[in-house]
Protein chains: 2
Amino acid sequence: MNGQGALSGGWLAIAGLGPGAAGMVTPEVSDAIAAASDVIGYIPYVARVAPRPGLTLHPSDNRVEIDRAGHALSLAAAGARVVVVSSGDPGVFAMAAAVFEALEAGPASWRDLDIRVLPGITAMLAASAAAGAPLGHDFCAINLSDNLKPWAVIERRVALAAAADFAIAFYNPRSRARPDGLDRAFAVLRGACDDDRPVLFARAVTTPEQELRIVPLPHARGDMADMRTVVIVGSSRTRLIARAAGPLLYTPRSIA
Amino acid sequence: MNGQGALSGGWLAIAGLGPGAAGMVTPEVSDAIAAASDVIGYIPYVARVAPRPGLTLHPSDNRVEIDRAGHALSLAAAGARVVVVSSGDPGVFAMAAAVFEALEAGPASWRDLDIRVLPGITAMLAASAAAGAPLGHDFCAINLSDNLKPWAVIERRVALAAAADFAIAFYNPRSRARPDGLDRAFAVLRGACDDDRPVLFARAVTTPEQELRIVPLPHARGDMADMRTVVIVGSSRTRLIARAAGPLLYTPRSIA
């Protein structure tokens, strides 16, 4: 931590725990948690932090991101050493943006806090690695869960992403707020892509419950994903290599 | 390693070293390197691996990715424990796709090899974290270096990404093969975006040489990037928070 907020000694780190496996938590994140007085986050992510004397855990429910962010900033301003934990990377559809929204709307003194974002392995990178390298060429990431994002915007983005021939990673494909979002996204893609376009459903990647399923786009259904799934749709160049141990899915580096 | 290729005992891991800082190398990657007999990669990445007895380092020049991939596969097939190292994440514009291209074109026996991809912190995540959270909403990643990709394809992708209102991460913005690519990409964006669109130049992120510069799109120039820079262009919603310690750049979670 770089010494801002030195009057109080408090600091705030917004840290990514990666997709699940302990071997994918960076040393930087482990060190921040080891130095923390308070860890704040959504219940299942805080559950990944081992209790110890001197550390207060603050698990909170989902969908209270802004409250959680304000709590973290208040604690740090009062001198606490605070780590806000996210799954994956905190900057990708996770807590970092929520903390900055709260910071921007909060007291001016919060802008003097020592605040850092510690990156993590985001779900699409772990899913891609588990299946091969489907994100090996240009790609995009679209969050299907945001219930404040009008559907027309999502549909337009999906259509433009297909026109650009990006591989597409869909985060939060089965949110409660929009359970049919993934089926609607697939419908848009079926209107724009060939039938052999592969779709990867990567569930609970890097955990003991990991499941990978690859189906061609015409067979892809929204109910093949749940809240622990990230979905990657290949580009027109994405290929499957057949193997006894299971297929490898990858996108070559060149479109030529 | 999961035991395929058990006849030879060899295996191949394609590993991401992250953007530069030792604290961002995952334990999984460190463990693979500790177990390896051979480490293969581009010279500056192999230089990040400490020599030790029993480990052979194979540094190679840039632009020989397919030769390097074939070498790695041959060594693993002969029983070596091989780690191919990439900067960042091996699945994002790096060695994983090259290895799978070589595997697909090579002898059928290579398909029985024990081969895994070990993800890493890719440059855009580290750059985003260093600046705030500019990738906090939907975004895309475009590689400007691939000299096999026709310029018309890049230009079309950039225009579609702007139409979709993605934040955009440009990798390899100043390749020798296409030194004017970034200026041409900015020209496309200037035709589609407002003048207050922020552009982040993040050089050598997480290293002692790290430099961050944020300029509005009309002032962005290709020569503000070098071969160690990743460039992130905000979406229409990306915001700057002024602070004494330097601005925070972030994209709110919602477009509403």
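The values are calculated or read from the model by the stated rules, or taken from the named source; none is laboratory data. Just so it is clear, the model here is predicted, and its values are computed rather than measured. Note: ideal-geometry Cβ built from the backbone for every residue, glycine included; neighbour counts use all protein chains shown. Note: accessible area is taken over every heavy atom of the protein model, side chains too, but ligands, DNA and RNA are not part of it. Shrake-Rupley method; radii C 1.70, N 1.55, O 1.52, S 1.80 Å.
Please go through the stretch B:45-66 and pick out each residue that is surrounded by 15 or more Cβ atoms within 10 Å (Cβ to Cβ) and either in a strand (DSSP E or B) or aliphatic (A, V, I, L, M) (or both).
B:VAL46, B:VAL49, B:LEU55, B:LEU57, B:HIS58, B:PRO59, B:SER60
Given A:SER128, A:SER109, which one is open to solvent by 30 Å² or more (accessible area, probe 1.4 Å) and either out of contact with any Cys (no Cβ under 9 Å at 6 or more places or on another chain) or more than 7 Å from every other protein chain (Cβ to nearest Cβ) (or both)?
Going through A:SER128, A:SER109 in turn, just one is open to solvent by 30 Å² or more (accessible area, probe 1.4 Å) and either out of contact with any Cys (no Cβ under 9 Å at 6 or more places or on another chain) or more than 7 Å from every other protein chain (Cβ to nearest Cβ) (or both): A:SER109.
Which condition does B:VAL199 not pass, out of (1) out of contact with any Pro (no Cβ under 9 Å at 6 or more places or on another chain); (2) within 18 Å of A:GLY91 (Cα to Cα); (3) assigned to a strand (DSSP E or B), if it passes all the others?
(1)
Consider the stretch B:148-173. How many of its residues are outside any helix (DSSP H, G or I), open to solvent by 30 Å² or more (accessible area, probe 1.4 Å) and more than 9 Å from chain A (Cβ to nearest Cβ)?
1
Quick one: which of A:ALA32, A:ALA69, A:ALA76 is farther than 30 Å from A:ALA202 by Cβ, in a helix (DSSP H, G or I) and modelled with pLDDT of 95 or more?
When all the criteria are applied, what remains is A:ALA76.
Specify the residue that is surrounded by the most Cβ atoms within 10 Å (Cβ to Cβ); the eligible residues are those in the stretch A:216-256 that are more than 14 Å from chain B (Cβ to nearest Cβ) and of a type in the set (Val, Ile, Thr).
In this case the residue turns out to be A:VAL231.
Of the conditions (1) modelled with pLDDT under 95; (2) in contact with a strand residue (DSSP E or B) (Cβ under 6 Å, 6 or more places away or on another chain), A:MET124 clears all except one; give me its number.
Going through the list (1) modelled with pLDDT under 95; (2) in contact with a strand residue (DSSP E or B) (Cβ under 6 Å, 6 or more places away or on another chain), A:MET124 breaks only (1).
Quick check on my filter: what residues within the stretch A:92-108 are among the small types (Gly, Ala, Ser) and in a helix (DSSP H, G or I)?
Within the stretch A:92-108, A:ALA96, A:ALA97, A:ALA98, A:ALA102, A:ALA105, A:ALA108 qualify.
Can you tell me which residue is surrounded by the most Cβ atoms within 10 Å (Cβ to Cβ) among those in the stretch A:112-123 that are under 23 Å from A:ARG63 (Cα atoms) and within 9 Å of another protein chain (Cβ to nearest Cβ)?
The qualifying residue surrounded by the most Cβ atoms within 10 Å (Cβ to Cβ) is A:ILE121.
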